[in-house]
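Take a look at the structure set out below.
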Amino acid sequence: MPSEDGQILRNLRSHPMTAADFRRIALSLEGVEEYSHAGLPAFRVGDRKFASLASQAGGYGNLMLTLEQQAAFVEEAPEIFLPIPGGWGKMGHTHIRLAAASEDVLTGAVRTAWRLRIDKNAKTSRKKHVTERSGVTDKKRGKRRL
């Protein structure tokens, strides 16, 4: 027979997720800051957005994923993940239904978007560093590109 404490912990872990949970999880990741994007909460690392609560009124969090990641999430859990309608969804932007997600699923999904942004930031930083060192110029303006 499971202990009462064990049951309480299971119940706490299985409650539907909320915008507050999304915010807590995003802000727990290294280097993340919250800011206002078009008057709505968004999360960035290295000055680049990876997630937002722009659709929280509809019960969603938004994640910036690759198309491959989006397809895998949607295939594995279509009741939780769906592409954001229109052009944004065709670029990998993905809704997560907060009430349908567990803490583990939400944490994993937010962490995936965060890790993708960290990796992209690192690649951009390396490219910028190489360009600066090579002295490449912008021919249209006659200036060095940064």
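The values are calculated or read from the model by the stated rules, or taken from the named source; none is laboratory data. No experiment lies behind these values; they were computed from the predicted model shown. Here the Cβ is made from the backbone with ideal geometry for all residues, glycine too, and neighbour counts use every protein chain on show. To get the accessible areas, we keep the full protein, side chains included, count just its heavy atoms, and leave off ligands, DNA and RNA. Shrake-Rupley method; radii C 1.70, N 1.55, O 1.52, S 1.80 Å.
See the values below:
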| quantity | calculated |
| --- | --- |
| ASP47 accessible area, assembled protein chains, probe 1.4 Å, Å² | 120 Å² |
| Local electrostatic count, PRO41, Cβ distance below 14 Å [Lys/Arg +1, Asp/Glu -1] | +1 |
| Sum of side-chain charges, GLN70 neighbourhood, beta-carbon under 12 Å (Lys, Arg +1; Asp, Glu -1) | -2 |
| Residue order for GLU33, GLU68 - accessible surface, 1.4 angstrom probe, largest first | GLU68, GLU33 |
| Cut-off 14 Å between beta-carbons: net charge of the residues surrounding GLY59, Lys and Arg +1, Asp and Glu -1 | -1 |
| Accessible surface ranking that places the most exposed of HIS95, HIS15 first, with a 1.4 angstrom probe | HIS15, HIS95 |
| Rounded accessible area of PHE50 (nearest 10 Å², 1.4 Å probe) | 0 Å² |
| Gained length - LYS120 relative to SER55, 0.36 nm times residue gap less alpha-carbon distance | 21.0 nm |
